[in-house]
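Data block below; observations after.
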Amino acid sequence: MLRTRPSERPRARVRRPRLDAAFLVGLALLVGLAVWLKGEPPPGLPGEPDLAAHRGAPLLVVYGAPGCAACLVQWRGLEAALPQGLGVLHLAARASKTDVRAADADTARRWAASLGVPPGAVQPANLPTRTLPALVLRDARGRWRFEHGGPLDAEARARLDRALRAEGLAALAVPPAGTATAAAVRGAVGGAA
């Protein structure tokens, strides 16, 4: 019997696909990065109204709901502190996490009355479960520059100030004495922040 050395044995050809999965994933990420760098805004949250009409200037999107005492307390603390030139849009979510009804024009009207803002400044939003209150700062192109869920603490306020300055706006004004704090929010909602 003839023996062949390992180097003399015929090798089986292994076929590799021209484009493997890792390459395709990398290509998709590269395309996504290129679109993002071009300045296209990401799509909004599911259930969020189209905010394309609000592009052209920075916009603070304030998420709240009728019956959310923490939302109301936070807005009262922010209202006087916002810089000039910043657009504000309120999105009214359903009244509670257990409420199965979708937010509608009536929900938006009730929330506008609670906030003391014109009804046109509030739009209904059928958002999935979201921590309320919540804030999102969008730049003039509609891209997210700041996002925070829950009461606005010192760290979140500092991040919001940096995002506002990056958009060419002034930072939040120093809150006057007696504005909303975490303790005030807990008291407004019966001990739960």
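Bear in mind these aren't lab numbers, they're just calculated from the coordinates by the rules spelled out. None of the values given here were measured: they were computed from a predicted structure. So basically every Cβ, Gly included, is an ideal-geometry build from the backbone, and we count neighbours across all protein chains shown.
When the square roots of the Cα gyration tensor eigenvalues are ordered a ≥ b ≥ c, the ratio a/c for region 136-176 is 1.5 or more and a/b does not exceed b/c, which makes its shape oblate. Sorting 52-58, 158-164, 71-77 by average packing, meaning the other beta carbons within 10 Å per residue, from highest down gives 71-77, 158-164, 52-58.
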